[in-house]
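*Asks:* Quick one: the structure is below, questions incoming.
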């Protein structure tokens, strides 16, 4: 079924979510459309599965520091979204973000992303790097929101250096000491 999920991402990048056709995905993957519908009864379920397979490369690796862990996450995400398949993910999640099917997929992906950040923040607290009272969701939103804003405002994904600057600003703050 990897061929179906690969074809889904390719077609999603080409035509977007609204025009995505299960029939075309089946043709590209060399399977019958009933095979696709039997495994994924809806278009959102199929796209969700394709995104999950693609995003499986997002591992929570302990670099030994909060800053290192956050940099690894953002650098890995930037590397993934620079691929043709990654661009399809960006296109679907941002270009058609308010489409009901895409909105639900996005929400599910955010839950998984929050779990990844929660693991990073828990390790950082255990090492004494992160204050207990810091709101995990807020810190994640500051980091992810800054990167998303830069993409939406400037139409580019940003560099590893920009990701590092966002992390440094989120962790160190902007006030003179």
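The values are calculated or read from the model by the stated rules, or taken from the named source; none is laboratory data. Only a predicted model underlies this, so the values are computations on that prediction, with no experimental measurement involved. Every residue, glycine among them, receives a Cβ derived from its backbone with ideal geometry; neighbour counts consider all protein chains shown.
*Asks:* Conditions: (1) part of a helix (DSSP H, G or I); (2) within 17 Å of the chain's Cα centre (by Cα); (3) closer than 25 Å to residue 152 by Cα; (4) outside the structural domain of residue 166 (by TED's automatic domain parsing). Residue 89 meets all but one. Number of the miss?
*Replies:* Evaluating residue 89 over (1) part of a helix (DSSP H, G or I); (2) within 17 Å of the chain's Cα centre (by Cα); (3) closer than 25 Å to residue 152 by Cα; (4) outside the structural domain of residue 166 (by TED's automatic domain parsing) leaves (4) as the failure.
*Asks:* Given the residues 98, 138, which is the only one that is in the same structural domain as residue 68 (by TED's automatic domain parsing) and at pLDDT 80 or above?
*Replies:* None of the others qualify; the one that does is 138.
*Asks:* Do you know which of the residues in the range 15-34 that are in contact (Cβ under 8 Å) with a residue 24 or more places away in the chain and exposed (fewer than 14 other Cβ atoms within 10 Å of the Cβ) is farthest from residue 95 (Cα to Cα)?
*Replies:* Applying the filter and picking the extreme gives 30.
*Asks:* Any idea how many residues of the range 90-108 are over 21 Å from residue 14 (Cβ atoms) and in contact with a helix residue (DSSP H, G or I) (Cβ under 7 Å, 6 or more places away or on another chain)?
*Replies:* Final tally of qualifying residues: 2.
*Asks:* Can you name the residue in the range 92-105 that is in a helix (DSSP H, G or I) and surrounded by fewer than 18 Cβ atoms within 10 Å (Cβ to Cβ) and is also farthest from the chain's Cα centre (by Cα) among such residues?
*Replies:* Looking at residues that are in a helix (DSSP H, G or I) and surrounded by fewer than 18 Cβ atoms within 10 Å (Cβ to Cβ), I get 100.
*Asks:* From 87, 67, which residue is within 17 Å of residue 8 (Cα to Cα) and either exposed (fewer than 15 other Cβ atoms within 10 Å of the Cβ) or touching a residue at least 12 places away in the same chain (Cβ under 8 Å) (or both)?
*Replies:* 87
*Asks:* What about residue 16, is it in contact with a helix residue (DSSP H, G or I) (Cβ under 9 Å, 6 or more places away or on another chain), within 21 Å of residue 151 (Cβ to Cβ), at pLDDT below 85 and not assigned by TED's automatic domain parsing to the domain that holds residue 136?
*Replies:* yes
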